[in-house]
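The values are calculated or read from the model by the stated rules, or taken from the named source; none is laboratory data. Keep in mind that this is a model prediction, so the values were computed, not measured. Heads up, the Cβs are rebuilt from the backbone with ideal geometry, glycines too, and the neighbour counts pull from every protein chain shown. The area values use the complete protein model at the heavy-atom level, side chains included, leaving out ligands, DNA and RNA. Shrake-Rupley method; radii C 1.70, N 1.55, O 1.52, S 1.80 Å.
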Amino acid sequence: MASSVIKEISYEDLKALVGKSQNLVLVDVRSKEELEKGRIPGSVHIPIDTVEAALSMEPEAFKAKYGVTKPTVDAPELVFHCHMGKRGGMATSKAYELGYVNARNYAGAYKEWSEKEGK
């Protein structure tokens, strides 16, 4: 485990970016089964066990597979989330190892989002 402290983003800050920021790359690392119960609008589904491979892909291959432009290593608004926060943190840590310096974990995760959004 890297010693770097995982940067987090709050519900309020994420809510302000969703649907408004062109730079936001919101990665949902939950399982397909969890995803079927609901998702944060605009999120990209990259299961936790494939995050490292996905972030290591060539940009063209990434776009072909996920339908969005691959974030650059200095992407300002790269956010990971899961259901409770743990896997999102693991994914964020993995992103740091790959050079994504601004990656953040939405620690409240889908659980908080769905509660606050009333879904």
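The figures follow:
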| item | result |
| --- | --- |
| Tally of residues being in a loop (DSSP other than H, G, I, E, B) and surrounded by 14 or more Cβ atoms within 10 Å (Cβ to Cβ) across the stretch 48-59 | 1 |
| Every residue from the stretch 47-86 that is in contact with a strand residue (DSSP E or B) (Cβ under 6 Å, 6 or more places away or on another chain) and either over 23 Å from ILE6 (Cα atoms) or free of Cβ contacts under 8 Å to residues at least 40 places away in the same chain (or both) | TYR66, VAL68 |
| Subset tally (residues that are surrounded by 15 or more Cβ atoms within 10 Å (Cβ to Cβ) and not charged (D, E, K, R)) for the stretch 3-15 | 4 |
| Criterion (within 16 Å of SER10 (Cβ to Cβ) and either outside any helix (DSSP H, G or I) or touching a Lys or Arg at 6+ places or on another chain (Cβ under 8 Å) (or both)) met by exactly one of TYR110, TYR100 | TYR110 |
| Count of the stretch 60-108 residues which are within 12 Å of the chain's Cα centre (by Cα), hydrophobic (A, V, I, L, M, F, W, C) and open to solvent by 60 Å² or more (accessible area, probe 1.4 Å) | 1 |
| Residue count for the stretch 16-34, restricted to those that are open to solvent by 30 Å² or more (accessible area, probe 1.4 Å) and free of Cβ contacts under 8 Å to residues at least 40 places away in the same chain | 7 |
